[in-house]
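Input: a single structure, listed below in structure tokens.
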Amino acid sequence: MQKQPFQEFMGNLVETIATYTFFVDWEKVQNNVKTIEKRLNILNYLIGKEDMKTEFYGLLNEYPEVLSVFPILLATRNKDQTVLNERIELEKYDFSKTALSESDIAVFYKFFVETGLERLLKEKKVKNLVDYVFGVEVGMDTNARKNRTGVQMEDLVEGYIKSMCTENSDFSYIKQANKKRIFQQWSYPLEIDKSNRVFDFAIYNKRISKLLLLEVNFYSGGGSKLKATAGEYQYLNDFLVKQNVDLVWITDGFGWKTAKKPLEETYTHNKHVLNISLVRDGKLKEIVNS
């Protein structure tokens with residue numbers, strides 16, 4: 001397969017692979033809220049109470065399980081919190097406790113006051129903690145977008161691989177392929193450089209007994225990691241070529257515009273470097289068939 005000129009490869013990089021489902025994982029948010037909804041509704045009792053301290057003590061004495069939802073009210077999932085107090089001393093809090101003494105409740109009441117949660121409820125800044133936490137979960141879910149980008153790139157490529165394997169019964173593939181899985185699937189004795197090496201995809205053409213290993217990533221932003229990534233795939237390519245195994249690196253994103261030189265070096269060095277445009281145009285299928 002004749003290689004596309006590198007400048008043309010760069011010109012076809014895409015800005016984003018974000019689909020409409022990229023922004024918020026609503027099912028995940030709803031499930032997270034549902035698991036603590038009852039405890040949040042119990043805690044709703046405190047909203048607007050004037051004698052907050054008395055009500056707080058009474059509520060935690062009767063329903064100590066509500067303590068476990070305090071972290072999410074502050075947009076964290078960590079049940080153990082350490083705080084530096086005004087005397088420059090560390091104070092530790094364990095929100096997984098289920099049996100609370102009066103002294104325990106006093107400690108957690110301090111946390112409740114100092115973090116602003118008391119004021120939030122007493123002044124009715126929120127009307128319903130279930131709705132409030134739903135919003136917190138949406139905000140926290142946006143932090144997972146970086147991971148979703150990698151997953152979406154894999155899903156995008158897998159769609160083409162599935163279609164290719166459906167059209168040609170000689171082709172088969174596995175996802176998250178390590179040495180053991182490859183041997184179990186195709187009895188192919190692959191040597192690897194690292195015991196924990198896992199490839200995003202492995203494709204096998206049984207007609208010509210050909211194994212291809214695929215690595216897939218997308219970079220919307222730049223950074224020093226890109227140079228190291230490009231160098232890693234040169235090394236991995238050379239390691240696999242000695243076994244007559246092809247490495248196909250599928251990468252895309254405007255982040256590469258900040259690391260053009262290391263990408264060009266790997267593009268020139270490796271036999272198969274593709275972007276989304278090339279995969280869409282059938283170049284991956286050509287590689288598997290050749």
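The values are calculated or read from the model by the stated rules, or taken from the named source; none is laboratory data. The structure displayed is predicted, hence computed values, not measured ones. Methodologically, a virtual Cβ is constructed for each residue, glycine included, from the backbone with ideal geometry; neighbour enumeration extends over all protein chains shown.
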Taking segment 152-187 and keeping residues of a type in the set (Asp, Glu) and in contact (Cβ under 8 Å) with a residue 40 or more places away in the chain leaves Glu154, Glu158
Reported set for segment 7-21 where residues are aromatic (Phe, Trp, Tyr) and either in contact with a Cys (Cβ under 7 Å, 6 or more places away or on another chain) or surrounded by fewer than 15 Cβ atoms within 10 Å (Cβ to Cβ) (or both) is Tyr20
Go through segment 1-104 and tell me which helices (runs of 4 or more DSSP H), entirely inside it, have 1 or more residues that are touching a residue at least 60 places away in the same chain (Cβ under 8 Å) and farther than 30 Å from Ser220 by Cβ. 26-43, 52-62, 70-73
Report yes if Thr266 is touching a strand residue (DSSP E or B) at 6+ places or on another chain (Cβ under 9 Å) and outside any helix (DSSP H, G or I), otherwise no. no
Being of a type in the set (D, E, K, R), modelled with pLDDT of 95 or more and surrounded by fewer than 16 Cβ atoms within 10 Å (Cβ to Cβ) narrows Lys122, Lys110 down to just Lys110
Can you name the residue in segment 151-174 that is β-branched (Val, Ile, Thr) and farther than 14 Å from Ala202 by Cβ and is also modelled with the lowest pLDDT among such residues? Val151
List the helices (runs of 4 or more DSSP H) inside segment 106-187, counting only whole elements, that have at least 3 residues being assigned by TED's automatic domain parsing to the domain that holds Leu274 and either among the charged types (D, E, K, R) or farther than 21 Å from Tyr20 by Cβ (or both). 145-167, 179-186
Where Leu40 falls short, out of the listed (1) surrounded by 15 or more Cβ atoms within 10 Å (Cβ to Cβ); (2) within 23 Å of the chain's Cα centre (by Cα); (3) of a type outside the set (Val, Ile, Thr): (2)
